[in-house]
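Student: So that we are looking at the same thing, I have put the structure below in structure tokens.
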Amino acid sequence: MALKFGYVGCGFMAQAVHIPNFAGLPEVELVALAEIRPELGAKVQRRWGFRKLYQSHTELADDPEVEAVGVSAAFTEQSQIARDLLAAGKHVFMEKPMAVSVAEAEEMLAAAQAGGARLMVGYMKRYDAGAELAKRLIDSFRQEGALGEVFYARNHGFCGRQWNAGFAGTLESTQEPRPTPGPARCPDWLPPRFHQPYIWYLQQYTHNVNLLRWYLGVGDKARVTGVHLGDDGYTGLIVLDMDGVQAVVESGDTSHFSWDFNTQVFFRDGWVKSTSPPLLLDNVCEAVEVYRGGDMQEICQPMPEALYSWCYRREAQHFVTCLQTGEEFRSSGADTLTDVRLFEEVFRLWIAGRA
């Protein structure tokens, strides 16, 4: 039986990435679309063949035919949308960040439990074929002890101007004004003047922290031990204890025309490093490098079997497969709660350091 699927939102990521990927899965039937802009909604409905069109997510939530829903909305809006859908019993795939506060994230998980639904957050890097290979190598080296113990990990994310390099598609558009997002439900303790830098840092670097946690397999055993960010609350580094392993995230922004994102796990006698391509570069996965020390120094670049694949397409397939089989999501809402907690810790320490 095909999964009866709905989608909320017709913005850039919805049209360029998520709707086409779900539409391309033979085990998915596009049932309903919700978009507050009626003309844009009608255009996207016709293009992708959704049978029904709603103007609000609450109308879609009331549709008994819809089993699962994808959500792409403003950072400040999508947690409320996802919470309403989960409470209505719809399984949800949503863009990161899951929420902008621990309280908001916990409300979402409570709604999922009450509605008997499941939540997956779109940390697409966990579904990249190259990242999967890096994760397997890290786990294998740790289990076998071939490279000694893990003692350090780092993620470098200076980004650049080419995050959407490779996108050559066309998007439906209208002259309708874009919806104005409501205020963010930031943590109660966070002063209003820090809301914008907090949200900006969270939505950008949640991928980085999440990938480090996954590579090291630490689950919730992570805490922030140091914050060294500039006055913008963005440029610098944070230090984390990930189940006894020191890890850092280097953050910043430059104007160079590339995508500067890599993650490296250091063993006493080697390392595993993955380098990310621009986000929308289809059929290109993370490049993996392995260094082995000892008597015979060696650097190699192993390649995954699914070399020509796209992490976004693979995460859509994962969402559907898990709903069909009952297996756990690799990036579940429960797991993602840890990332929200860590970013609250980051800004608590940053603000305290400015006093």
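Student: Hey, could you check region 94-145 for residues that are touching a Cys at 6+ places or on another chain (Cβ under 7 Å) and of a type outside the set (Phe, Trp, Tyr) and say which is farthest from Met303 (Cα to Cα)?
Tutor: The residue in question is Ser101.
Student: Test of understanding: among Gly226, Gly233, Gly219, which residue is modelled with pLDDT of 95 or more, over 19 Å from the mean Cα position of the chain (by Cα) and not in a strand (DSSP E or B)?
Tutor: Gly233
Student: Further, regarding this structure: Quick one: in region 259-287, of everything that is over 19 Å from Lys135 (Cβ atoms) and not aliphatic (A, V, I, L, M), which residue is surrounded by the most Cβ atoms within 10 Å (Cβ to Cβ)?
Tutor: The extreme case among them is Trp259.
Student: If only one of Val44, Val100, Val69 is touching a residue at least 60 places away in the same chain (Cβ under 8 Å), aliphatic (A, V, I, L, M), within 23 Å of Met1 (Cβ to Cβ) and touching a Leu at 6+ places or on another chain (Cβ under 7 Å), which one is it?
Tutor: Values: Val44 fails: within 23 Å of Met1 (Cβ to Cβ); Val100 fails: within 23 Å of Met1 (Cβ to Cβ).
The conditions single out Val69.
Student: Next question. Among the residues of region 293-324, write down those that are over 18 Å from Ala134 (Cα atoms) and in contact (Cβ under 8 Å) with a residue 40 or more places away in the chain. Walk me through how you get there before you give the answer.
Tutor: So in region 293-324, the residues over 18 Å from Ala134 (Cα atoms) come out as 294-297, 313, 316-324.
Within region 293-324, Arg313, Ala316, Gln317, His318, Phe319, Val320, Cys322, Leu323, Gln324 qualify.
Student: Of the conditions (1) assigned to a loop (DSSP other than H, G, I, E, B); (2) out of contact with any strand residue (DSSP E or B) (no Cβ under 7 Å at 6 or more places or on another chain), Ala117 fails just one. Which one is it?
Tutor: Failed condition: (2).
Student: Moving to a separate point now. For the structure I just gave you, tell me whether Arg292 is touching a Leu at 6+ places or on another chain (Cβ under 7 Å) and surrounded by 15 or more Cβ atoms within 10 Å (Cβ to Cβ).
Tutor: yes
Student: Select from region 245-258 the residues that are in a loop (DSSP other than H, G, I, E, B) and either under 13 Å from Arg142 (Cβ atoms) or touching a Phe, Trp or Tyr at 6+ places or on another chain (Cβ under 6 Å) (or both) and list them in ascending order. Reasoning before the result, please.
Tutor: Here is the first cut: in region 245-258, the residues in a loop (DSSP other than H, G, I, E, B) are 252-258.
The answer is Gly252, Thr254.
Student: Name every residue in region 139-161 that is within 21 Å of the chain's Cα centre (by Cα) and either in a loop (DSSP other than H, G, I, E, B) or within 14 Å of Leu212 (Cα to Cα) (or both), in order of residue number.
Tutor: To start, the set of residues in region 139-161 that are within 21 Å of the chain's Cα centre (by Cα) comprises 153-161.
Result: Ala153, Arg154, Asn155, His156, Gly157, Gly160, Arg161.
Student: If you don't mind, another one. Tell me which of these Gln301 doesn't satisfy, since it passes every other one: (1) surrounded by 12 or more Cβ atoms within 10 Å (Cβ to Cβ); (2) more than 30 Å from Pro197 (Cα to Cα); (3) touching a strand residue (DSSP E or B) at 6+ places or on another chain (Cβ under 8 Å); (4) modelled with pLDDT of 95 or more.
Tutor: Exception for Gln301: condition (1).
The values are calculated or read from the model by the stated rules, or taken from the named source; none is laboratory data. What you see is a predicted model, and the numbers here were worked out from it, not measured in a lab. Using ideal geometry, Cβ is built from the backbone for each residue, glycine included, and neighbour counts are taken over all protein chains shown.
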